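Worksheet for the structure shown next.
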Amino acid sequence: MTFRPVLLLTAFALLALGACASSRSLDQSFSDLSGDVELKNVLFEDRSHDYGDIDTTLYEGRLLLTGTMRSEAGRRKLIENAWKAENIDAVIDEVVIGEKTSFGQGFEDGRIDKVLRARLIAHGDVSSVEYKIAVSGAVVYLIGAARNQKELDTVLAMARSIAGVEKVVSHVIVKDVTR
C-alpha cells in the first residue's frame, strides 16, 4: 500500500496529539490511525462507487461505517473494501441506502457534532477522548469506551438533548473502570 506523504505527516501529527490526551495506549492509537489512513487509501483507489458520503470511524480496531450509499451493491463493496485495511477487527455497518446528503443536512450534522463534542469536553465527569462521534442524517453514532454505565448514560443523555437529533445509536463498550 502506498501512503501519500501529506496523509502520513497528518496522521503522525494527529497521533502525537491524540496520544497526549488519551488514556489509550500509543500502540492502539497508532494502529487505529494507520488502519484509518489505509482504509481511506483503499476507498480512494476504488473508482467503482462514490464513497464521498461515507464516514469511517475507527476505535480500537472496531470500524464504524456511517453515511449514505446510493445502492446496495455500493454498500456491499464498501464493506468488502473495509476488510482490506489492516488493523480492522470488526466492521459495524450503519450505512443507509439513499440519496447523497444535502448541503443543508450536512451543515446540520456538523452543527450537532460540534455541539456534542463541546459538551463532552466541558463535562467534568466524562472522559471525552474515549468517544468518537459520527453524525449522519441527524442520527448521532457513538463508538468508544465508557469508564462505567453512569458515564455512558450521561453521554447518551447529552447527545439526545441536542436540538435536531432524531436518534442516538451507541456502539460504546463499558469498561467498568473504578476511578
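If I model a spin label at Lys167 and Gln28 as a point 7 Å from the Cα along the Cα→Cβ vector, what separation in nanometres do I get?
2.9 nm
Whole Å is fine, so just give me how far the alpha carbon centre of the range 22-63 lies from that of the range 65-111.
12 Å
Quote the FRET efficiency, to the nearest 0.05, computed for Glu72 versus Lys100 with a Förster distance R0 of 22 Å and r equal to the Cβ-Cβ distance. Please list the in-between numbers first.
Values: r = 16 Å, r/R0 = 0.71.
That pair, Glu72 with Lys100, gives E of 0.90.
Could you tell me the relative contact order of the range 98-179? Use alpha-carbon pairs under 8 Å, at least six residues apart, and round to a whole percent.
Working: 122 pairs, mean separation 24.3, N = 82.
Worked out over the range 98-179, it gives 30 percent.
Output the antiparallel fraction of DSSP beta bridges having both residues in the range 88-179, as a percent to the nearest 5. Display every interim value, and only then the final one.
On the way: 6 of 14 bridges.
Beta bridges within the range 88-179, antiparallel portion: roughly 45 percent.
Give, as ranges by residue number, the residues of the range 32-46 whose backbone N falls under 17 Å from the point 7 Å along Cα→Cβ of Arg117.
So the set is 33.
How long is the gain from Asp50 to Val174 if the chain were fully straight, where each residue apart is worth 0.36 nm and the alpha carbon distance is subtracted?
Working: separation 124, 0.36 × 124 = 44.64 nm, distance 3.48 nm.
Between Asp50 and Val174, full extension yields 41.2 nm more.
With the calculation restricted to Cα positions, what are the radius of gyration and Dmax of the range 75-179 in angstrom?
Spelled out, the Cα radius of gyration and Dmax of the range 75-179 are 15.0, 45 Å.
Would you mind ranking Lys77, Lys150 by Cβ crowding within 10 Å, fewest neighbours first? Can you show the working numbers first?
Working: Lys77 17, Lys150 12.
Listed from fewest to most nearby Cβ atoms, that is Lys150, Lys77.
So the label point goes 7 Å from the Cα of Trp83 along Cα→C-beta, right? Which residues of the range 50-74 then have their backbone N under 15 Å from it?
63, by backbone N distance to the label point.
Sequence neighbours fewer than 8 away in the same chain don't count; with that in mind, list the aspartates and glutamates whose C-alpha is under 18 Å from Lys150.
Partners within reach: Asp125, Glu130, Asp176.
All of the numbers you see were taken from the coordinates with simple rules; none came from a lab. Just so it is clear, the structure is predicted and the values come from calculations on it, not from any experiment. In this analysis, Cβ positions are derived from the backbone assuming ideal geometry, glycine residues included, and neighbour counts consider all displayed protein chains.
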